Amino acid sequence: MKILFVYPKYPDTFWSFKHILHFISKKAAFPPLGLLTVAAMLPEKWKKKLVDLNVTELTDKDIKWADMVLIGAMIVQKDSAREVIARCKKLKKKVVAGGPLFVTEYRKYKGVDTFVLNEAEVTLPPFLSDLKKGRTKHVYSSNVKPDISKTPRPLWSLINIKDYASLAIQYSRGCPFNCEFCDIVFLNGRIPRTKTPSQMLAELDSLYNYGWRGTLFIVDDNFIGNQKNVKNMLPHLIEWQKKHNYPFQLLTEASTNLASDKELMTLMSEANFNKVFLGIETPNIESLKECGKFQNVAKDLSQAIKTIHQNGMQVMGGFIVGFDNDTDNIFDNQIKFIQETGVVTAMVGMLNVIPQTRLWHRLKSEGRLLNEVIGENTNTTLNFVPKMNKKKLVEGYKKIINFIYSTKNYYKRINTLLEHYQPKARTRFNFEQIKGFIKSTWRIGLFSRSNIFYWKLLFKTLFTNTKAFPTAVELAIYELHYRKIANRILSSSS
């Protein structure tokens, strides 16, 4: 059996970093971890090939080679997924699809022969059994949440790791919180399931032996969701990093209660975590209560961010406007909060209603749902009727984006970050990073409207916070991408 895995193309989004990947000679930000993991679950004797459309083109020759095409995708990739499905069916190939895109809305995707939904550890085996018998069903689904300690290591041999800015692994699935707008509970449950320490180290070994050095994204729904298990695993990770001279700089997603646990922050810092994404959402307490983000209500969010910065991890933040309890002053309050806390990488979006979330069910019962979700909230498209006047919401959203991603205010945030940020991660410079820095001095230092801010930042950081110099350079480069995204948002019509 010859299997072709296809990962659809991402549009130009906040997290794609398409506009700056050339600085480090990369083609995509992250690899298709889900497909690589599924590939490892298929019979070893099968021939396998993977085409990541974010890295290369899909040719008719690729499709004709395969006996079966497996597509895995996120919601934001739906347009590209439809194109892939149509091409495969035109060439009369059997198409199998899975991933978050299809879990709730598989009926909208004509041409797919079989949907293997939910978690592959549960739904893939019966599909393979039926395939062997020659009588597969149209849909395989299950609400069972499997033990992921038995999940195999991703099949890294299917990709060229040099194409990616960061590689990725998974430690846990699920989140103990139940935010109204989030689909994690629906997809992966509220009881975080984790891999074993030995399993994690085996995955690190496989990446290390495969030649990867640099950034490694632990792609969990909430890395600290099971604090008992993560505290048990981190000492093993710390020891592994020491033994291998810290080859990986780690980043992950977590919840704001991280700032309340000094032991956990220390362990993560010693394990070489240097970034963490937090769903901050809003400084409006009533909106936090509305969406069930109670873990953010009980704490001083500004102090939480400062504390995490002081413990050596840069906070990347997610922010939302458009809650029912948002008032006219939310836009100025978001700007003030983001600027004063020094959250440089601030992904601000308008509320988006994802199918099967608590928000989706509530707004459906209120008759407020409009279009289907597009899976990307950093734009001016609404798929529900907001309580606030739509024009006012869109104009206020654009005001935030225009302000925080103006060059002056962006660099002001970097300087605010560096006032509190005490980097502890061990950074190993490679040729690509050095080349990226040299390119930045040319592209930004000489031929950018940011050049004055760029040189002031670099010289100030060099003399006052030398360990943060790589962070300053990286964030200066990021501005080129973020500004492109901001310009797209500002020029869009609602």
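Can you tell me which residue within segment 175-204, out of those that are outside any strand (DSSP E or B) and in contact with a strand residue (DSSP E or B) (Cβ under 6 Å, 6 or more places away or on another chain), is surrounded by the fewest Cβ atoms within 10 Å (Cβ to Cβ)? Break it down stepwise before answering.
Step one: list which residues in segment 175-204 are outside any strand (DSSP E or B), which gives 175-192, 195-204.
Right, trim to in contact with a strand residue (DSSP E or B) (Cβ under 6 Å, 6 or more places away or on another chain) and you get 188, 192, 203.
Working: 188: 23, 192: 23, 203: 20.
Going through the qualifying residues, I end up with 203.
Of the residues making up segment 402-411, those that are surrounded by 16 or more Cβ atoms within 10 Å (Cβ to Cβ) and more than 22 Å from the chain's Cα centre (by Cα) are 403, 407, 411. Considering the conditions (1) β-branched (Val, Ile, Thr); (2) at pLDDT below 95; (3) in contact with a helix residue (DSSP H, G or I) (Cβ under 9 Å, 6 or more places away or on another chain), residue 400 is excluded by exactly one of them, (2).
Among the residues of segment 76-90, the one identified as among the small types (Gly, Ala, Ser) and farther than 26 Å from residue 353 by Cβ is 86. Filtered by the rule that a residue be in a loop (DSSP other than H, G, I, E, B), surrounded by fewer than 14 Cβ atoms within 10 Å (Cβ to Cβ) and free of Cβ contacts under 8 Å to residues at least 24 places away in the same chain, segment 126-158 gives 134, 135, 137.
This table checks each residue for (1) hydroxyl-bearing (Ser, Thr, Tyr); (2) under 27 Å from residue 171 (Cα atoms).
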site	(1), (2)
71	no, yes
89	no, no
94	no, no
104	yes, yes
110	no, no
113	no, no
125	no, yes
145	no, yes
152	no, yes
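When residue 398 is tested against (1) over 27 Å from residue 305 (Cβ atoms); (2) touching a Leu at 6+ places or on another chain (Cβ under 8 Å), exactly one condition is not met: (1). Residue 411 meets all of the listed conditions (1) outside the structural domain of residue 216 (by TED's automatic domain parsing); (2) aromatic (Phe, Trp, Tyr); (3) under 26 Å from residue 272 (Cα atoms) but one, namely (1). Comparison of 339, 334, 356 shows that the only residue that is closer than 19 Å to residue 277 by Cα and surrounded by fewer than 18 Cβ atoms within 10 Å (Cβ to Cβ) is 339. Of all the residues in segment 451-462, those that are crowded, with 17+ Cβ neighbours inside 10 Å and of a type in the set (Val, Ile, Thr) number 1. Evaluate segment 293-304: report whether one residue or more is modelled with pLDDT under 95 and of a type in the set (Gly, Ala, Ser). Yes, the conditions are met somewhere in segment 293-304.
Here is a yes/no grid of residues against (1) of a type in the set (Phe, Trp, Tyr); (2) over 18 Å from residue 404 (Cα atoms); (3) surrounded by fewer than 20 Cβ atoms within 10 Å (Cβ to Cβ):
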position: 420; (1), (2), (3): no, yes, yes
position: 432; (1), (2), (3): no, yes, yes
position: 438; (1), (2), (3): no, yes, yes
position: 441; (1), (2), (3): no, yes, yes
position: 449; (1), (2), (3): no, no, yes
position: 464; (1), (2), (3): no, yes, yes
position: 473; (1), (2), (3): no, yes, no
position: 480; (1), (2), (3): no, no, yes
position: 486; (1), (2), (3): no, no, no
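Those helices (runs of 4 or more DSSP H) of segment 353-448 in which 3 or more residues are under 22 Å from residue 214 (Cβ atoms) occupy 431-443.
Would you mind stating whether residue 339 is in the same structural domain as residue 396 (by TED's automatic domain parsing), within 24 Å of the chain's Cα centre (by Cα) and modelled with pLDDT under 95? Walk me through it before giving the result.
Working: in the same structural domain as residue 396 (by TED's automatic domain parsing): yes; within 24 Å of the chain's Cα centre (by Cα): yes; modelled with pLDDT under 95: no.
Judged against the criteria, residue 339 is not a match.
Here is the figure for segment 329-368: residues that are of a type in the set (Val, Ile, Thr) and over 17 Å from residue 486 (Cα atoms) total 5.
Counting the residues of segment 106-120 that are farther than 15 Å from residue 374 by Cβ and assigned to a helix (DSSP H, G or I) gives 3. A residue that is under 25 Å from the mean Cα position of the chain (by Cα) and under 29 Å from residue 379 (Cβ atoms) occurs somewhere in segment 424-437.
The values are calculated or read from the model by the stated rules, or taken from the named source; none is laboratory data. Given the structure is predicted, the values throughout are model-derived calculations rather than measurements. With ideal geometry, Cβ positions are generated from the backbone for all residues, glycine too; neighbour counts draw on all protein chains shown.
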